[in-house]
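Undergrad: This is the structure, below, for whatever I ask next.
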Amino acid sequence: MIVQQELIKKIKDFGLNSYEAKIWTALLSRGVSSAGELSEISNVPRSRTYDVLESLEKKGFIIMKLGKPIKYMAIPPSEVIERVKKKIKDDSLKQEKQIDELKGSDVLAELTSLHTTGIDTVEPSELAGVIKNRENIYNHMDLMIKGAEKYVYIMTSEKGFLRKIERHKKLFKKMADTGVKIRIAAPLSKDMEKANPELKGIVDYKNVSGINARFIIVDGKEMLFMVTDDVDVHPSYDSAMWINSPFFTGAMKELFELAWKKN
């Protein structure tokens, strides 16, 4: 049996490896089959077939039929999807519970103490790093924004403005409620300037043209700036530099405020 590689790749989303995906699709095509038959039609080595079938059985993808020779029967794919979905939910709840328990544990206190002590001994010039992938960049933005005490300044593109509002709106509101001032500058169209009434009282934003830059400044202490144009780069290749330098960040803060006043 020949199964397209693209299908095998998609089946891996079910949590299966290549051999498991091949054996399962082979069994689906036969309904009921023995290990030897499945090895032959799936091109999985016979020495691995029994281990793979045992794994699929534990995961709930197949059933072993009683009798000799031993044969296996495939579970309908629709039922498998429900089982996979349930397992993902159960695992997620279990992990969430473990993380919540960790938050109040002595382990976290010790780790935090180690981190604080380590940061205190680091030279200011070493407090910098590269962050790759837009999702990782936005996660670091979350961390920076949560640590803000006075203000958050963001310079971005129009598309970046929309992305940040969608991604960080709840966090913006939470920080605004604590008194943190949030400003976003971007080259916005006239329609865009009027399209976000729900941001009133949460975020101040302005159409700032003539500046092609993407960065975020928090309290004049730390800064994250993107080194690529979001028009030209795929999100997975987006890159940013994080700097914890009041001297450098303070200078960029002055430039941001100057551009804000001019527009």
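The values are calculated or read from the model by the stated rules, or taken from the named source; none is laboratory data. Fair warning: this is a prediction, and the values are worked out from it, not measured in the lab. Using ideal geometry, Cβ is built from the backbone for each residue, glycine included, and neighbour counts are taken over all protein chains shown.
Undergrad: Would you list the helices (runs of 4 or more DSSP H) that sit entirely within segment 1-77 and hold 1 or more residues that are at pLDDT 85 or above, closer than 28 Å to Ile88 by Cα and not basic (Lys, Arg)?
TA: 18-30, 35-42, 46-58
Undergrad: Residues that are within 21 Å of Ala176 (Cα to Cα) and in contact with a helix residue (DSSP H, G or I) (Cβ under 6 Å, 6 or more places away or on another chain): find the strands (runs of 3 or more DSSP E) completely inside segment 205-263 holding 1 or more of those.
TA: 215-218, 222-226
Undergrad: Can I ask one more? Regarding segment 227-237, can at least one residue be identified that is closer than 24 Å to Met175 by Cβ, modelled with pLDDT of 85 or more and in contact with a strand residue (DSSP E or B) (Cβ under 8 Å, 6 or more places away or on another chain)?
TA: Checking segment 227-237: not a single residue is closer than 24 Å to Met175 by Cβ, modelled with pLDDT of 85 or more and in contact with a strand residue (DSSP E or B) (Cβ under 8 Å, 6 or more places away or on another chain).
Undergrad: Something else: Mind listing just one residue for me: the one in segment 128-171 that is in contact with a helix residue (DSSP H, G or I) (Cβ under 6 Å, 6 or more places away or on another chain) and basic (Lys, Arg) and, of those, surrounded by the most Cβ atoms within 10 Å (Cβ to Cβ)?
TA: Arg134
Undergrad: Something else: Can you tell me which residue among Asp219, Asp177, Asp232, Asp238 is under 27 Å from the mean Cα position of the chain (by Cα), in the same structural domain as Ile137 (by TED's automatic domain parsing) and at positive phi?
TA: Answer to the selection: Asp219.
Undergrad: Among the candidates Thr228, Thr178, Thr249, which residue alone is without any contact (Cβ under 8 Å) to a residue 40 or more places away in the chain, in contact with a Gly (Cβ under 6 Å, 6 or more places away or on another chain) and either among the hydroxyl-bearing types (Ser, Thr, Tyr) or closer than 21 Å to Ala148 by Cα (or both)?
TA: Unique residue meeting the criteria: Thr249.
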